[in-house]
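The values are calculated or read from the model by the stated rules, or taken from the named source; none is laboratory data. What you see is a predicted model; the values in this text were computed from it and never measured. We place every Cβ from the backbone using ideal geometry, glycine too, and count neighbours over all the protein chains shown.
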Amino acid sequence: MDLDDQPGSEGLDGRDEPDLVIRAQNVVMPEGTGPAAVVIRDGVIAAVRPPGWRAAAAPAIDLAADEVLLPGLVDTHVHVNEPGRTGWEGFACATRAAAAGGITTIIDMPLNSIPPTTDVPALEAKRAAAAGQCYVDVGFWGGSVPGNLGDLAALHEAGVFGFKSFTIDSGVPEFPPLDYAGLDRSMREVAALGSVQLVHAEDPGVIAAAPPASGPSYAGFLASRPDAAEVAAISRVLSLARETGARTHVLHLSSADAVEPLRAARAAGIPVTVETCPHYLALAAEDVPDGATQYKCCPPVRARDNARALWDALRAGVIDCVVSDHSPCPPLLKRVDHGDFGAAWGGISSAQLSLAIMFTEAERAGLALADLARWMSLGPARMAGLRGKGAIAPGFDADLVAFAPDETFRVEPARLEHRHKLTPYAGRVLRGVVRRTWLRGEVADGTRPRGRLLRRGEPAPARPASRAAAP
């Protein structure tokens with residue numbers, strides 16, 4: 001795996017005693033998986049050495065024989081909702097859940113907080129709300145909505161990692177969608193800033209022509225958000241990306257019908273990246289009971305054959321990364337009492353479970369943990385421009401996960417750290433358990449909030465001063 005333009009370091013000498021050494025027989029590194037000793041100093045991976053390497057005085061941790069050392073996951077699609085809708089989710093519980101699931105960095109979406117992150121004062125309000133209560137590192141996306149084009153440059157300078165927009169109603173009135181002309185203007189500004197435009201791409205005209213969702217029928221809800229809506233919107237977004245030159249990221253791809261246009265756009269050199277989510281890969285419309293509104297998300301979970309095609313797109317590199325789209329709300333808003341898909345909030349809370357869900361499905365498909373590290377760690381980090389995140393390599397933050405791939409567990413909602421426990425995965429048996437998570441070389445166990453608030457353009461992590469080969 002190419003790590004060009006990422007931080008690097010060649011090693012240590014006898015004057016540079018590390019703070020910690022973690023040794024394992026299976027370490028997932030960019031160049032492959034194998035035995036290694038990960039040498040940590042000042043929160044950064046100073047070197048990766050053969051497994052028997054020891055430092056004179058530094059403490060060492062030897063992982064159990066059944067544990068694999070993974071890079072910490074980077075989840076670039078999380079709705080924390082604080083301030084304003086802290087009753088839906090908050091920074092403390094969201095980041096505690098992330099750490100429990102092996103996620104060491106999140107980037108928070110600009111909605112559903114109040115105010116939304118559409119100007120600098122709102123960004124500062126969000127940072128103030130997050131300060132001192134984050135158990136993993138947290139960055140922020142800005143929002144692009146009608147009327148705030150003049151705010152994008154200031155938000156960029158203030159450190160947001162890019163700008164999210166909708167082509168359709170977002171579900172909250174304070175974050176309205178852009179029409180395609182407004183998206184064109186936003187993308188031209190984003191291109192001038194050298195930033196990235198994130199797009200929730202569903203076409204409003206196609207959806208307006210579809211039958212509206214109502215009542216407990218999942219088939220009815222699925223018909224209300226047809227594949228054609230994603231294909232139409234993504235095609236328009238790709239045209240705008242070609243015309244404006246803006247680096248563009250398609251959010252939460254659910255329809256495999258859009259894979260071919262995306263493949264062609266990438267082949268033509270259009271600067272587009274794509275994400276999907278565990279629920280589109282692990283769930284299937286055929287299995288959703290009527291009235292089970294815990295499965296509702298937008299765009300929706302589609303048929304089993306569609307999920308298989310998304311897996312193929314991941315393998316082929318058309319889809320770059322897998323992120324949670326953790327979008328919680330109080331159970332009352334999911335309308336579980338009467339199961340009305342038309343009235344229920346659309347969002348699935350799964351950040352804590354993302355790694356286990358993906359590993360369970362990937363193992364069935366014959367894929368390796370190295371694939372998950374590429375899709376869930378380095379891929380999202382690169383998309384967001386998070387230098388020093390997402391890999392076990394010298395110069396990267398020592399964000400690490402001890403993962404037991406052969407251990408299984410049953411999802412018990414009461415044990416989830418998310419504020420609200422309603423989940424479509426309740427009762428499922430998943431394979432793969434996170435036993436320990438390290439954030440910059442220190443255990444992130446949900447007891448001490450030591451996460452940092454990240455800003456775009458921050459310097460790469462401090463590198464070891466010495467470049468000499470280790471003894």
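Summed over segment 286-330, residues that are hydroxyl-bearing (Ser, Thr, Tyr) and either within 23 Å of Ile107 (Cβ to Cβ) or in contact with a Ser or Thr (Cβ under 7 Å, 6 or more places away or on another chain) (or both) total 2.
Do the conditions hold for Pro30, that is, is it more than 22 Å from His252 (Cβ to Cβ) and either at pLDDT 95 or above or within 25 Å of the chain's Cα centre (by Cα) (or both)? Can you show your working first?
Numbers: more than 22 Å from His252 (Cβ to Cβ): yes; either at pLDDT 95 or above or within 25 Å of the chain's Cα centre (by Cα) (or both): yes.
It is true that Pro30 is more than 22 Å from His252 (Cβ to Cβ) and either at pLDDT 95 or above or within 25 Å of the chain's Cα centre (by Cα) (or both).
Restricting to segment 296-331, what's the tally of residues that are of a type in the set (Asp, Glu) and part of a loop (DSSP other than H, G, I, E, B)?
So the answer is 2.
Residue count for segment 166-206, restricted to those that are over 25 Å from Phe341 (Cβ atoms) and in a strand (DSSP E or B): 3. Scanning segment 207-218 finds no residues that are surrounded by 15 or more Cβ atoms within 10 Å (Cβ to Cβ), in contact with a helix residue (DSSP H, G or I) (Cβ under 6 Å, 6 or more places away or on another chain), in contact (Cβ under 8 Å) with a residue 40 or more places away in the chain and closer than 23 Å to Arg455 by Cα. Consider segment 98-151 and keep the residues that are of a type in the set (D, E, K, R) and touching an Asp or Glu at 6+ places or on another chain (Cβ under 6 Å). The one that is surrounded by the most Cβ atoms within 10 Å (Cβ to Cβ) is Asp151. For residues that are of a type outside the set (A, V, I, L, M) and touching a helix residue (DSSP H, G or I) at 6+ places or on another chain (Cβ under 7 Å), scanning just segment 426-444, find the one that is surrounded by the fewest Cβ atoms within 10 Å (Cβ to Cβ). Looking at residues that are of a type outside the set (A, V, I, L, M) and touching a helix residue (DSSP H, G or I) at 6+ places or on another chain (Cβ under 7 Å), I get Arg431.
Tally up the residues in segment 56-82 that are touching a residue at least 60 places away in the same chain (Cβ under 8 Å), in a loop (DSSP other than H, G, I, E, B), closer than 30 Å to Pro405 by Cβ and under 21 Å from the mean Cα position of the chain (by Cα), please. Walk me through it before giving the result.
Filtering segment 56-82 for residues touching a residue at least 60 places away in the same chain (Cβ under 8 Å) gives 63-64, 66-79, 81.
Narrowing the set further to residues that are in a loop (DSSP other than H, G, I, E, B) leaves 63-64, 66-67, 72, 79, 81.
From what's left, closer than 30 Å to Pro405 by Cβ: 63-64, 66-67, 72, 79.
Add one more test, that the residue is under 21 Å from the mean Cα position of the chain (by Cα), and what stays is 72, 79.
Counting residues in segment 56-82 that are touching a residue at least 60 places away in the same chain (Cβ under 8 Å), in a loop (DSSP other than H, G, I, E, B), closer than 30 Å to Pro405 by Cβ and under 21 Å from the mean Cα position of the chain (by Cα) gives 2.
Can you report the number of residues in segment 393-415 which are buried (at least 24 other Cβ atoms within 10 Å of the Cβ) and part of a loop (DSSP other than H, G, I, E, B)? Give the steps one after another, and end with the answer.
Pass one, segment 393-415, residues buried (at least 24 other Cβ atoms within 10 Å of the Cβ): 396-401, 403.
Imposing the further condition that a residue be part of a loop (DSSP other than H, G, I, E, B) reduces the set to 396, 398-399.
The total comes to 3.
Out of the residues in segment 43-52 that are part of a loop (DSSP other than H, G, I, E, B) and within 16 Å of Ala393 (Cα to Cα), which is modelled with the lowest pLDDT? I'd like the intermediate steps shown before the answer.
Quick first cut of segment 43-52, residues part of a loop (DSSP other than H, G, I, E, B) only: 43, 50-52.
With within 16 Å of Ala393 (Cα to Cα) added as a condition, the list becomes 43, 50-51.
Details: Gly43: 97, Pro50: 96, Pro51: 93.
Looking at the filtered set, the residue picked out is Pro51.
Restricting attention to segment 83-101, does a residue exist that is under 28 Å from Val433 (Cβ atoms), assigned to a loop (DSSP other than H, G, I, E, B) and in contact with a Pro (Cβ under 8 Å, 6 or more places away or on another chain)? Show your work before the answer.
Start the filter on segment 83-101 by keeping residues that are under 28 Å from Val433 (Cβ atoms), which leaves 88-101.
Narrowing the set further to residues that are assigned to a loop (DSSP other than H, G, I, E, B) leaves 88-90, 101.
Going one step further and asking which of them are in contact with a Pro (Cβ under 8 Å, 6 or more places away or on another chain), we end up with 88-89.
Looking through segment 83-101, at least one residue is under 28 Å from Val433 (Cβ atoms), assigned to a loop (DSSP other than H, G, I, E, B) and in contact with a Pro (Cβ under 8 Å, 6 or more places away or on another chain).
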